[in-house]
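The values are calculated or read from the model by the stated rules, or taken from the named source; none is laboratory data. Values in this document were obtained by computation on a predicted structure and should not be read as measured data. Reconstructed Cβ throughout: ideal geometry from the backbone, glycine too, with neighbour counts over all protein chains shown. Remember, those area values only see protein heavy atoms, side chains included, never the ligands or the DNA or RNA. Shrake-Rupley method; radii C 1.70, N 1.55, O 1.52, S 1.80 Å.
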Amino acid sequence: LPHLAHELTPKRAIVTYLQPPADVAAAWATSPCYLDLGGASDLYLVPPLHGHGLKLGAGAHSRPAEPDEPRRLRADEPESLLAHLRPYIRELDRYRVLETRVCWTCDSPDERFRCGVRDDGVVYAAACSGQMFKFGAVMGHRLAEAATGAIDGTALARWALGEWPRAM
């Protein structure tokens, strides 16, 4: 999407999946998502789902980077991410790290989505600013509407920016 390159910043982040101790696993399995625990960490937690562990990420741990760079973790990254969580979870050392991985997001200056339909008919969504996990289903629905001609690219772009008419 070269036409968006001037306003999008690719960011590299890491997420860690944890296995909670047995005595608190059931509580975590029924807990809500925590989207921001406060402070400068921009910390989020997603409860264990479908065989995946407790997911941890911190916006403060992401950085601008080139998406073509290797997806390798530095040796210090898993523990540096856990350091953001330590003030909030008692006995964090009892949690087992299942996996830590590199992931990518894309930010826009105003943290709003950029969507549309290119002249060649390609329907796109970008600049989720790490929020697609919350909006993926509705975004997919709107992208499908654009792909099938139910809405045009201008309407899709305005909707993604929060400027759509209520009747849409």
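Overview of results
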item	result
Debye intensity ratio in log₁₀ form over the Cα atoms of the chain, taken at each q of 0.12, 0.18, 0.19 Å⁻¹	-0.65, -1.14, -1.20
Neighbour-limited loop hits for GluC sites (Glu not before Pro), the stretch 85-114 (at most 16 other Cβ within 10 Å; DSSP other than H, G, I, E, B)	91, 111
Accessible surface, the stretch 49-150, averaged per residue in Å² (probe 1.4 Å)	62 Å²
Residue of 24, 97, 15 that the Gaussian network model of the chain assigns the largest fluctuation, springs spanning Cα pairs under 10 Å	24
Spin-label proximity, residue 150 to the stretch 108-140 - amide N less than 12 Å from point 7 Å beyond Cα toward beta carbon	138-140
Dimensions in Å of the stretch 2-99 - Rg and Dmax from alpha carbons	15.1, 52
Theoretical gain in end-to-end length, residue 23 to residue 5 [0.36 nm per residue, Cα-Cα removed]	1.7 nm
Spin-label model distance (nm) - residue 141 vs residue 37, 7 Å beyond Cα toward Cβ	3.2 nm
Top of 105, 16, 148 by mean-square fluctuation, Gaussian network on the chain, Cα under 10 Å	148
Test item: Cα-centred dipole of the stretch 1-84, Lys/Arg +1 and Asp/Glu -1 on Cβ, debye	120 debye
With every protein chain in place, the chain: carbon and sulfur % of accessible area (1.4 Å)	55 percent
Cα centroid of the stretch 1-55 to Cα centroid of the stretch 69-119, whole Å	7 Å
